[in-house]
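Presented below is the structure to which this report refers.
Where a number appears in this text, it was derived from the coordinates with a stated rule and is not lab data. Small disclaimer: the values here were computed from a predicted structure and weren't measured. Methodologically, a virtual Cβ is constructed for each residue, glycine included, from the backbone with ideal geometry; neighbour enumeration extends over all protein chains shown.
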């Protein structure tokens, strides 16, 4: 009877997998290579072509465009970036804020598949190790196949 119970538990646990969470990207996709190409003196059309439509463009202040980007990785790391561009009366780029390279810029980029799979495998191993430690306390040891 015990053997049947443990086999049923092992089968039930074997079907469990880690739920894959998609990366969440909201607002403007702001990449450093785009920001590196920005230069004062560019026209609105050039900036629009390079950066895309601003997320926040005030109808009352046509001289300011705000680009807001938010990214949350599947592992839960969050990155937020705000870039503000100011134009002069002639419609050329006069000033830029928030274009400096961030220290945690790697969190903004999408992870590659190998990295995601490696992290999921590590999480699964940690959960398995924790489960085996709990089972040692009860006197039951489950070994993976």
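In nm, to one decimal, how far is the residue 50 label point from the residue 118 one, both placed 7 Å along Cα→Cβ?
3.4 nm
As a footprinting exposure proxy, order 129, 25 by other Cβ within 10 Å, with the fewest listed first.
129, 25
Counting other beta carbons within 10 Å of each Cβ, put 22, 55 in order, fewest first.
On the way: 22 8, 55 16.
Fewest-to-most Cβ neighbours within 10 Å comes out as 22, 55.
Set the Förster radius R0 to 30 Å, insert the Cβ-Cβ distance between residue 36 and residue 75 as r into 1/(1 + (r/R0)^6), and round the FRET efficiency to 0.05.
Calculated transfer efficiency: 0.65.
Return the ratio Rg/(2.2 N^0.38 Å) for the stretch 19-106, where Rg is computed over Cα atoms only.
1.19
On a full-extension model of 0.36 nm per residue, what is the gain between residue 24 and residue 7, subtracting their alpha-carbon distance, rounded to one decimal in nm? Before the final figure, lay out each step's value.
Values: separation 17, 0.36 × 17 = 6.12 nm, distance 3.87 nm.
That pair, residue 24 and residue 7, stretches by 2.3 nm at full extension.
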